[in-house]
């Protein structure tokens, strides 16, 4: 059997699922790069999940599953292939899939446009562990980083156009942050910067002119130094301006777009006097994204 696996982080639809998500994430050696993770994972997940879930209730839980289910359905219809979602930290896990099915061919499609050890590498290694644990030996093809693909970038431009105001607005490409000590050995930051540079050349040709285009990083946690500039700092420097935010690191909307960007940072935008603040959807199951993925799957 041939299978196409769409790899992503997962998300929480309930309090207990959030607890599992936090435990599995902080147990990941690519997130906490020290044996201390075996102490931190149960501690953080137990102490934080109830308080964090109260925020998740503002968006009725992560929508990553609804978007992914629609994407899977469209890709099955478009390609005729057996397409499956595989999440890194919540069900359906890779182990769930290989416990139920046996494959002789696999196409692995990370739903991360840029390569990072914390996302792509972690998800791929999780799949390979599950394959080995169930004794399967499929032929495997991996889809690599695709931030520079023309069709993929057309799907981004399409989403930006949906929120476009006029040339007086600022556009912020908001990428998920990384601690500096991880980023220094990771290709992620360089790919993000190259992606923003490429998109800057594409936007005017699409008739989308902005007062200025910015790159910023979101989701910092803890006291260590992270990639800069932060989204908070960037927004504070734009008081009185109109701002459109595009979440550059994601292809499926999730709590970090629906909650962090669309609600929490919107509150910040209001408090610092931004004239207008808008967050773009990412690709989800858009027709251009389906076409792009179908092309990649076909090889």
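Read the figures in this text as sums done on the coordinates, not as results from a lab. Here the structure is a predicted model, which is why all the values come from computation and not from measurement. So basically every Cβ, Gly included, is an ideal-geometry build from the backbone, and we count neighbours across all protein chains shown.
Odds and ends about this structure:
- Directionally averaged shadow of segment 57-147, computed from the convex hull of its alpha-carbon atoms, nm²: 6.9
- The ranking of 173, 23 by Cβ neighbour count inside 10 Å, starting from the fewest, reads 23, 173.
- For residue 295 and residue 15, the FRET efficiency from 1/(1 + (r/R0)^6), where r spans their Cβ atoms and R0 equals 41 Å, is about 0.55.
- Mean Cα-pair separation over length for the chain, i.e. relative contact order, pairs under 8 Å, 6 or more apart, %: 22
- Shape class of segment 94-135 from the Cα gyration tensor (axes a ≥ b ≥ c, square roots of the eigenvalues): prolate, since a/c reaches 1.5 or more and a/b is larger than b/c.
- All Cα-Cα distances of the chain, cut into 10 Å bins from zero to the largest, leave 6, 26, 36, 24, 7, 1 percent in each bin in turn.
- Full-extension gain in nm, residue 272 to residue 81, via 0.36 nm per residue minus C-alpha separation: 63.9 nm
- Whole-Å distance, taken between Cα centres, linking segment 261-299 and segment 101-153: 23
- Kirkwood's formula applied to the C-alpha pairs of segment 150-279 gives a hydrodynamic radius of 15.1 angstrom.
- Principal-axis tilt of helix 64-79 within the chain, Cα atoms, nearest 10 degrees: 70
- Nearest 10 degrees, 0 to 90: helix 15-27 Cα axis against the chain principal axis: 80
- Cα gyration tensor shape for segment 1-139, rounded if a/c is under 1.5, else prolate or oblate: oblate
- Burial ordering of 221, 245, 4, fewest other beta-carbon atoms within 10 Å first: 221, 4, 245
- Applying 0.36 nm per residue to the separation of residue 101 and residue 197 and subtracting their alpha-carbon distance, the gain on full extension is 30.3 nm.
- Share, in percent, of DSSP beta bridges within the chain that are antiparallel, nearest 5: 5
- Ellipticity estimate at 222 nm from DSSP helix runs (n ≥ 4, -39,500 (n - 2.57)) divided over the chain, nearest 500: -13500 deg cm²/dmol
- To the nearest ten degrees, helix 287-298 and the longest principal axis of the Cα atoms of the chain are 40 degrees apart.
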